[in-house]
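The structure appears below as structure tokens.
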Amino acid sequence: MDIADRSAVSELCLNHRFDAVFHFAAKALIPESVRNPGVFFDKNLASGITFLECLREAGVRNFVFSSTAAVYGNPVRMPIREDDPKEPVNAYGESKLAMERILRWYCSAYGWAVVAFRYFNASGSIQGHGERHEPETHILPLLLQVASGRRQFFEIYGAEHPTPDGTCLRDYVHVLDIAEAHLLALSRLDSPGFRAFNIGTGTNHSVREVCRVVEQVTGKHLNIRIGSRRPGDPAVLCASPEAISAEFGWKATHSDLVEIVRSAWVWEQAQYNSAALCETSAPRL
């Protein structure tokens, strides 16, 4: 369903009673947001407002919003705390920050209870479910496609960042830990107001380090190439999880980098084997 389709969303809300809504929708590819910001503001912001209005008319007041670490832009300190300056360097982060501000007004005017989670690098897989994008842009799926032979090489976007090994540093958090944070938030939407929390581990890893762990877990040598830096990519992102820990008792328990890579590798192998089986069993005409 398109959340910008007011009639369809309104009909859904009319036919079903929702105590709360999780918002995971819309566009998230940072390079695309730099090239075509108008599409991101349309899909993430304009469509988002239409969706909020449908929920408001249906009497929904509890809302959990998927935001992003990209709202911080190039951070002024590490680890990043929720009250740090927010200066997005790409349209994706700008669109999410604008939605956060709009949601604050909904809390003030309409008595909504909202939790916004600023995801850092969501990664990993669980129980036969993983991530796939067309085109794929996320580091782990790309690396694992190289390991499984489905992709020829992995390109590092810049090796001259102001970091110890020259590659970007990111805070990787397992999707299981993210899911658990959402369930905790659902149980705490008991009073009106807006609250924002980082979802991260407080530890970061460089792109080169992730490459090494993928080689370790898969036992495969990766063909790595160095490319140019991408516009809109901060050199370092690392969350402080203190606020969400204090408020919800949340802790990342599945986000060891080896565990993340191992779970994603299981998913990649399942997808690769399934695709290979379909190809070999296809009738020859």
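Where a number appears in this text, it was derived from the coordinates with a stated rule and is not lab data. Bear in mind that the values here come from a model prediction, so they are computed numbers and not experimental data. All Cβ positions, glycine included, derive from the backbone under ideal geometry; neighbour counts span all protein chains shown.
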As I understand it, the dipole of the stretch 6-277 uses +1 on the Cβ of Lys and Arg and -1 on the Cβ of Asp and Glu, about the Cα centre. Which of Gly158, Val39, Gln216 lies farthest toward its positive end? Val39
Go through (i) 21.2; (ii) 19.4; (iii) 20.2 and flag the label whose value is the computed Kirkwood radius over Cα pairs in Å for this structure. (iii)
In debye, nearest 20: dipole of the stretch 6-277 around its Cα centre with unit charges on the Cβ of K, R (+) and D, E (-)? 280
Using a Gaussian network for the chain with springs between C-alpha atoms less than 10 Å apart, which of these wobbles most: Pro135, Pro164, Pro234? Pro135
Of Gly202, Ala58, Ile260, which is farthest towards the positive pole of the chain's charge dipole, taken about the Cα centre with +1 and -1 on the beta-carbons of Lys, Arg and Asp, Glu respectively? Ile260
For the chain, calculate the relative contact order in percent as a whole number, restricting contacts to Cα pairs under 8 Å that are 6 or more residues apart. 22
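Report, for the chain, the % of DSSP beta bridges that are antiparallel, rounded to 5.
Restricted to the chain, the bridges split so that about 10 percent are antiparallel.
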Just subtract the alpha-carbon distance of Val39 and Ala8 from 0.36 nm times their residue separation and send over the number in nm, one decimal. 9.0 nm
Could you go through the stretch 229-236 in sequence order and give the Karplus-derived ³J(HN,Hα) for each residue, using 6.51 cos²θ - 1.76 cosθ + 1.60 with θ = phi - 60°, rounded to whole Hz, and x for Gly and Pro? 5, 8, x, x, 9, x, 5, 9
Alpha-carbon centroids, the stretch 156-176 and the stretch 25-63: separation in whole Å: 28
Over the stretch 61-206, what relative contact order in percent results from Cα pairs under 8 Å that are six or more residues apart? 32
For Ile156, list long-range residues whose amide hydrogen, built 1.01 Å from N in the peptide plane, is under 5 Å from its own amide hydrogen. Arg225, Ile226, Gly227
Arg151/Arg101 FRET efficiency (R0 35 Å; Cβ-Cβ; nearest 0.05): 0.35
Can you compute 3J(HN,Hα) from phi for each residue in the stretch 76-90, using the Karplus curve 6.51 cos²θ - 1.76 cosθ + 1.60 with θ = phi - 60°, rounded to whole Hz and x for Gly and Pro? 8, 7, 10, x, 7, 10, 4, 8, 5, x, 10, 9, x, 10, 8
Helix runs (DSSP H) in the chain reaching 15 Å along axis by Cα, Kyte-Doolittle at least 0.0: 47-57, 175-186, 207-218, 257-281
Restricting to lysines 8 or more places apart or on different chains, can you count the pairs in the chain with Cα atoms under 25 Å from each other? 8
Taking +1 at the Cβ of each Lys and Arg and -1 at the Cβ of each Asp and Glu, which of Ala20, Ala243, Tyr272 sits farthest along the dipole of the chain towards its positive end, judged by Cα position relative to the Cα centre? Tyr272
